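The values are calculated or read from the model by the stated rules, or taken from the named source; none is laboratory data. This structure is a prediction, so every number in the text was calculated from the model and none was measured. Glycine also receives a Cβ, built like all others from the backbone with ideal geometry; neighbour counts cover every protein chain displayed.
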Amino acid sequence: MAEEPIAMLILEILRRKRRATLWEILREIYAEPRPADVRRIRNLLRRLEIAGAVVRREETVRGPIKRYIWYDIRPLRRLITRRPGATVTDRDLSRILGVPLAEIPRVLEIAVTRGWLRPTLTPGVYEIPPKIYRVQKMRAWRTKKNEWKYNVKLGERLRIPRQLVLDGYAESEEAMELARGVHGACRVVVYTPAPERWPEERLERIMRGLFAQEAITLEIFSDRPHIEKDQAYEAEEIDIDEKPPEIDLDEPEVWLWVAKEEGFTYVYRYTRRPWGWAYERYTAV
């Protein structure tokens, strides 16, 4: 079985049960779990913990015998987008998430580190950030050789960083396409309550890592005399409803556009999920 379907099964089990042990998760996925299956589920649970989707609790069974229990904490992200600026207590979080009060400090550690919650002067009370930001870095490549043959169609109306507009790579900050001669563009975007956690260098690493993983050559050929490139970074406060509902907080999304001489554009969309990059491709005419 592929990683993504198994990870989605794990999250569905935790959503339904609110809590589950490793053995309970295994028995719902496999009729007879093998050692390799146990290792795979453990690794996926670890990745889901790192992504802030689940939290693990250690429980004493008897004497030195212990077991781990996992809880789904994704409802915390939905709470942030539903109640910006509100306050919640540790007891509220225990009730909403179904996590024992004794384990809430671990959830709070994750939430505060990621900027999802902020401590207040009152012990046990936390503030949901009042604002959401769109943080993006965009790079575009333009050719001077047969430039009339190339025109990147974005496929939908997108917010273009202001500096790229000023440099002539788009006509306006709300655009359906880029300027004539632009034959490729890449955009990394994150929706977050803590823009300081997503500096330009971090988005650059994501972009370059994906280029290497997918063997994307736009950057490799950008040193040719007839090719020029430009880039811009922007962090902008937005209304909550401007965040696409299918994209979670702090979940990077990468868009890649490649214009063809035939007049259409290949659009590649990569979304980083806890189990890895989800990918889709379509054509914009």
Given (1) in contact with a helix residue (DSSP H, G or I) (Cβ under 9 Å, 6 or more places away or on another chain); (2) part of a strand (DSSP E or B); (3) assigned by TED's automatic domain parsing to the domain that holds residue 220, identify the lone condition not met by residue 155. (1)
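Where residues in segment 9-20 are surrounded by 15 or more Cβ atoms within 10 Å (Cβ to Cβ) and part of a helix (DSSP H, G or I), which of them is farthest from the chain's Cα centre (by Cα)?
Restricting to residues being surrounded by 15 or more Cβ atoms within 10 Å (Cβ to Cβ) and part of a helix (DSSP H, G or I), the top hit is 17.
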Could you please find all residues in segment 196-208 being under 17 Å from residue 52 (Cα atoms) and either touching a Leu at 6+ places or on another chain (Cβ under 9 Å) or surrounded by fewer than 20 Cβ atoms within 10 Å (Cβ to Cβ) (or both)? 197
Output yes when any residue across segment 50-59 is more than 17 Å from residue 22 (Cα to Cα), touching a residue at least 12 places away in the same chain (Cβ under 8 Å) and buried (at least 19 other Cβ atoms within 10 Å of the Cβ), and no when none is. yes
Filter segment 24-42 down to the residues that are in a helix (DSSP H, G or I) and either surrounded by 12 or more Cβ atoms within 10 Å (Cβ to Cβ) or assigned by TED's automatic domain parsing to the domain that holds residue 95 (or both) and list them by number. 24, 25, 26, 27, 28, 29, 37, 38, 40, 41, 42
If you take just the strands (runs of 3 or more DSSP E) that sit entirely in segment 233-285, which of them hold at least 1 residues that are charged (D, E, K, R) and surrounded by 15 or more Cβ atoms within 10 Å (Cβ to Cβ)? 253-259, 265-273
I'm checking my understanding of the structure. Among residues of segment 158-191 that are of a type in the set (Asp, Glu) and not in a strand (DSSP E or B), which one is surrounded by the fewest Cβ atoms within 10 Å (Cβ to Cβ)? 171
If you check residue 223 against the conditions, is it of a type in the set (D, E, K, R), in the same structural domain as residue 152 (by TED's automatic domain parsing) and either at pLDDT 95 or above or under 13 Å from the mean Cα position of the chain (by Cα) (or both)? no
